[in-house]
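Have a look at the structure below before the remarks.
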Amino acid sequence: MPRRFAWYRPRPPTRLELVLIALAIFACVRMLGYALFPGVDLFATLPISEDHTRHSCFSAYYLGVKLAALHQPIYAEGIYTDALGALHGVPLYAVNIDAFVYPPLFLPTLEPLVSLDFATARTVWMALNLAVLIGALWATTRAVGGVNGTLLARWMPAFLITLSVQSQIQFGNAHLLVMATALWGMVRIEQGHERSGAALLAWSIGAKLFPGLLVVFLAARGRWRAIGYTALWGLGLTLSTVALYGTGPIVEFFAVHVPRLASGEAFGWLFVRPESAAINISPFGIPIKLGFLGLLDEPRPIARAVGAIYLVAILALAWRAGRRLPDDHSTAGRLARLQLTGLLLILGALQTPFYDAFRGNAAMFVGVWLLAPSLKKRWMFGLLFFEVAFLPLMVLLGPLWARAAMGVAGFIVVLDVGWLLYTRAMRFYRPDRQPQRA
């Protein structure tokens, strides 16, 4: 008799679950079609929006590695132009050029792709993003186990049908990849595989910095061995970056880019384009919105102060969350710690000066998915409906005030999901409490 996994329940899927599975398969096929035929707008998430059919975050990664390999500056302002894209074979008819704003430790991951032409490299990158995302979700269901793991497994297709998630994969944006890798790393650490888990966590920190909140979470729980392995893997990633590109990108990052990130100057257009401020849901962006409304004369110093206060607040939250939850091997305890992991990833990502509502709502659904064992089904479907409807409304609404209102709604829902993750994790962790039935 074959071995049954810990989360397995011998019940066939319901009709609704079959519909979600069919929609998830359709979404994956559509994304594959977009990757293979980039000039065919029909395969795009929103074919009616040129911004969504042409935008390519992957163009920044591809060109950033090309420049680093030539020992040229990668953070200089105004260097990511159509001329640079055309020089390195980026098809300008299909994509818009984006600027590289990530830490240099992200570059070695992309090195194998730059030997390919841009279209092939982007196809591989999209497939990698999708595979890691599905793998992280699957690993989480296995780690949680029991009825809770079954519920998470049955809600996996719902994650893939949300348009915000699909758009991030289509753009080639690494945000969901980083979140999924960090979650997967924490899952491995929870399972006692600290070396491999620390490797995944170190990569995610090197790629986007904000998963470093999880190190504080681990420190509060006394998981010093996992932290030590994470530091060693981070050192190895740093040495590989130096070996491939020299010390130039790292020096430039700390000397030039970090001060510009802290001040918001790396996103200078954020202060002059109201349409960008309207969809920015980071705390840093709140004074900027007030500036466009005429309520603040000089929002930049206040925005920096708000960003600093927010950073201190989420660091304190990470420490408090780690101190309050004990390490045990119960299903409820493991689920609660992974829910807090999702919370810290969602809140940590908000630290950046510019965090558009599309990325925010895609990342938010990681938290929504982790809430599946803790929320009633009607709440899950309500949040799923918001996710599906959010992206078209943000794009199709004409007036700027309407898009700003949707951005505010997205920010409120992200905070609400964060609050649910914290309170449900703290309340749901009761070893004697029976979870809801799948």
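Laboratory data are not the source of any read-out in this text; all were calculated from the coordinates shown. Because the structure is predicted, anything quoted here is derived from the model rather than measured. Neighbour counts run over all protein chains shown; Cβ positions are idealised from the backbone, glycine included.
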Neighbour-count ranking [beta-carbon atoms within 10 angstrom, fewest first] of Leu218, Leu113, Leu235: Leu235, Leu113, Leu218
Whether segment 54-132 is rounded, prolate or oblate, judged on the alpha carbon gyration tensor where a/c under 1.5 counts as rounded: oblate
Candidates Thr423, Thr14, Thr81, ranked by Gaussian network fluctuation over the chain, Cα under 10 Å, top entry: Thr14
Sum of -39500 (n - 2.57) over DSSP H runs of 4+, divided by residues of the chain (222 nm, nearest 500): -21500 deg cm²/dmol
FRET efficiency, Ala131 to Asn96 (Cβ-Cβ, R0 25 Å, nearest 0.05): 0.45
Residue among Ser59, Leu116, Ser330 farthest towards the positive dipole end of segment 52-428, charges placed on Cβ: Ser330
Per-pair calculated FRET efficiency, R0 = 22 Å: Ala262 and Ser240 via Cβ, rounded to 0.05: 0.25
Average Cα contact separation per residue, the chain, under 8 Å, 6 or more apart, as relative contact order %: 18
Environment charge of Ile74, counting only residues whose C-beta is closer than 12 Å and scoring Lys/Arg +1, Asp/Glu -1: -1
Potential extension, Val312-Val124 segment - 0.36 nm per residue separation minus Cα distance: 63.9 nm
Nonlocal amide H pairs with His55, under 5 Å, H built at 1.01 Å: Asn96
For Ala22, net neighbour charge (Lys/Arg +1, Asp/Glu -1) across residues whose Cβ lies under 13 Å away: +1
Under 15 Å, Cβ to Cβ, from Gly307 - net charge with Lys/Arg +1 and Asp/Glu -1: +3
Among Gln351, Gln72, Gln166: highest mean-square fluctuation, GNM of the chain, C-alpha pairs under 10 Å: Gln72
Cβ-based exposure ranking for Thr141, Thr230, Thr331, in which fewest neighbours within 10 Å come first: Thr331, Thr141, Thr230
